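Participant: Would you mind keeping the following structure in view while I ask a few things?
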Amino acid sequence: MTALDLSLADWRTSTRSSGNGNCVEVAAVGDRIAVRDSKDRPGPALVFAPAAWTAFVAGVDGVRPA
């Protein structure tokens, strides 16, 4: 498996983010969705195939912070 080049990805944060840097960022890269920690931008990213991303979002939909 080859590494996915994320250097030119258009990273976005949620509109619900408070802007304090404690959030995740997502980017569409080809047919994949990449997710990274906004506090560690050069660090690792999770990369989801479309079906896996759909399942992930469905699993967290409705989850509210404590």
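The values are calculated or read from the model by the stated rules, or taken from the named source; none is laboratory data. A quick note: this is a predicted structure, and the numbers were derived from the prediction, not measured. Don't worry about glycine lacking a Cβ; one is built from the backbone with ideal geometry, like all the others, and counts go over all protein chains shown.
Participant: Would it be correct to say that residue 16 is surrounded by fewer than 10 Cβ atoms within 10 Å (Cβ to Cβ) and not acidic (Asp, Glu)? Before you say what the answer is, go through the steps one by one.
Facilitator: On the way: surrounded by fewer than 10 Cβ atoms within 10 Å (Cβ to Cβ): yes; not acidic (Asp, Glu): yes.
The answer is yes for residue 16.
Participant: So, restricting to strands (runs of 3 or more DSSP E) that lie completely within the range 12-59, which ones have at least 2 residues that are touching an Asp or Glu at 6+ places or on another chain (Cβ under 9 Å)?
Facilitator: 24-29, 32-37
Participant: Next up: One residue is enough: does the range 22-41 have a residue meeting the conditions touching a Lys or Arg at 6+ places or on another chain (Cβ under 8 Å), at pLDDT below 90 and not acidic (Asp, Glu)?
Facilitator: Taking every residue of the range 22-41 in turn, at least one turns out to be touching a Lys or Arg at 6+ places or on another chain (Cβ under 8 Å), at pLDDT below 90 and not acidic (Asp, Glu).
Participant: Right, something else. For residues that are at pLDDT below 90 and of a type in the set (A, V, I, L, M), scanning just the range 42-66, find the one that is farthest from residue 30 (Cα to Cα).
Facilitator: So the residue we want is 66.
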